[in-house]
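Everything below concerns the one structure shown next.
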């Protein structure tokens, strides 16, 4: 007997494990009959998951946490038993902002501290000359993109709420907004950074892996109540996604993966631009300069699929740092409990596996992250909007 | 603020027909301050300039995420806006998501005042999608008619049948193979294309 499931996704490369799980038959092999539903906004994915129109979803990790805490919306406990991807975002800037940062930079342009300090000087010069503040696009208030941009610029002394504007933009609108000067930069997932570079309207300034070595990005999310009622379907879904992730990570399968993702009903963009993200080999400037990184997007390798509660704690700490919520020990526990490695281990037949290595986040600025002392951690940062 | 008399309502919808249907309904119900935004560029700036009490947006619109920014406490946001959800009333969320619409309200606006607006919105959205379905059905019926006519022409020519005989042949084949006559007609077109 097969179990019918409806799963929502946003057309981004980091939905790969989910799409391949379905389109290459890994879900069918687990006895699941999955219908993938392409959505246009994270709000829709969240709401349809919350009210049960979706059984599972490709979801921004911070949205899963915000839903479980009731931040910004109805409180619906969500669990994330599988990470669909680590990293995968990039910061792209307009040619004008790129030139301004490069003329101010003192150090290696790949060093996020050097670019953040240069950005601070650009921001100060603009203020002095009476120019409009710079505008940065990101995808959602509760998004990794929001926190990654903020973390980076604040390290250089730029207050993201006072010195620049941060605005939400749907990913498909990012490139147009950069081209017509509506934003000066954005942080978004693949393939949109590459699309901007190809059109000559943007330079990829950083892979987010420059800012954080290991950052939970999208998760496979289900309602906690659903996970309790459907343990077998959930385990089957985790296994299917894990097998798909393994398939995608095999370099010989990348071209086929990109081809499947490129279909109109999946991502609907060119296969070549998708494969760049999977390979971590991106064109970073309109003149054709390339950059390769083994850390651009991790789908399954280096244990990427196994959720790490420390990652949830880091995301919760960012919500606190930027005033989206107040620090409360019970809320921290709730946030960490969204990421469920034990469900992953049980589904994969590895109960009692060793916990993830500590300090795996690897931010370029500030002290090593300690989930047990978020207040102490946040106190180390000068810029922020939280009250101890 | 006009909220005490008639709340100012902004409709964010790229479909001009659906927006007009909704706007008309709201006006008939006595909500006079209705503005339609169809252009998504600088959406937040437009909304702030209008300073509405209620914002209605269709769920096919990616800019729905832009509205979520209005919950945030930041300098970019002037008046806090909340999504209209009633924790006690899951059915109303379900109904609005089913209809494909979502409502955002200025924090503090009373639930009794927004409920009739949302209900009206849901019924107009449902009426619109019914219209859309009928239109799609009519269109595909017309398409099918054309395919059947072309297949009939091919059978008449190749097998030397009359129009009546060609139609009867397709109908009896459809019944025997438990298919629709349109599908049989389509396979005749495909086959004749291949055999050209």
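The values are calculated or read from the model by the stated rules, or taken from the named source; none is laboratory data. Computed from a predicted model, the values in this text were never measured in an experiment. Cβ: placed from backbone, ideal geometry, glycine included. Neighbour counts: every protein chain shown.
In the stretch A:291-304, which residues are buried (at least 20 other Cβ atoms within 10 Å of the Cβ) and modelled with pLDDT under 95? Before the answer, list the steps.
Of the stretch A:291-304, the ones buried (at least 20 other Cβ atoms within 10 Å of the Cβ) are A:296-300, A:304.
Result: A:300, A:304.
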Point to revise | Residue match in the stretch A:371-387 (condition: part of a loop (DSSP other than H, G, I, E, B), at pLDDT 90 or above and under 17 Å from residue A:311 (Cβ atoms)) | key: no
Practice item. Take the stretch B:42-65 and flag every residue that is within 14 Å of chain A (Cβ to nearest Cβ) and more than 20 Å from the chain's Cα centre (by Cα). Key: B:42, B:43, B:44, B:45, B:46, B:47, B:48
Check your understanding: Within the stretch A:145-198, which residues are surrounded by fewer than 24 Cβ atoms within 10 Å (Cβ to Cβ), facing chain B (nearest Cβ under 10 Å) and either under 17 Å from the mean Cα position of the chain (by Cα) or within 23 Å of residue A:267 (Cα to Cα) (or both)?
Key -> A:167, A:170, A:172, A:173, A:176, A:177
Revision key, fill the gap. Of (1) outside any helix (DSSP H, G or I); (2) at pLDDT below 80; (3) within 14 Å of chain A (Cβ to nearest Cβ); (4) surrounded by fewer than 18 Cβ atoms within 10 Å (Cβ to Cβ), residue B:39 satisfies every one except (2)
Revision key, fill the gap. When every residue in the stretch A:340-358 that is surrounded by 14 or more Cβ atoms within 10 Å (Cβ to Cβ) and within 23 Å of residue A:147 (Cα to Cα) is compared, the one modelled with the lowest pLDDT is A:356
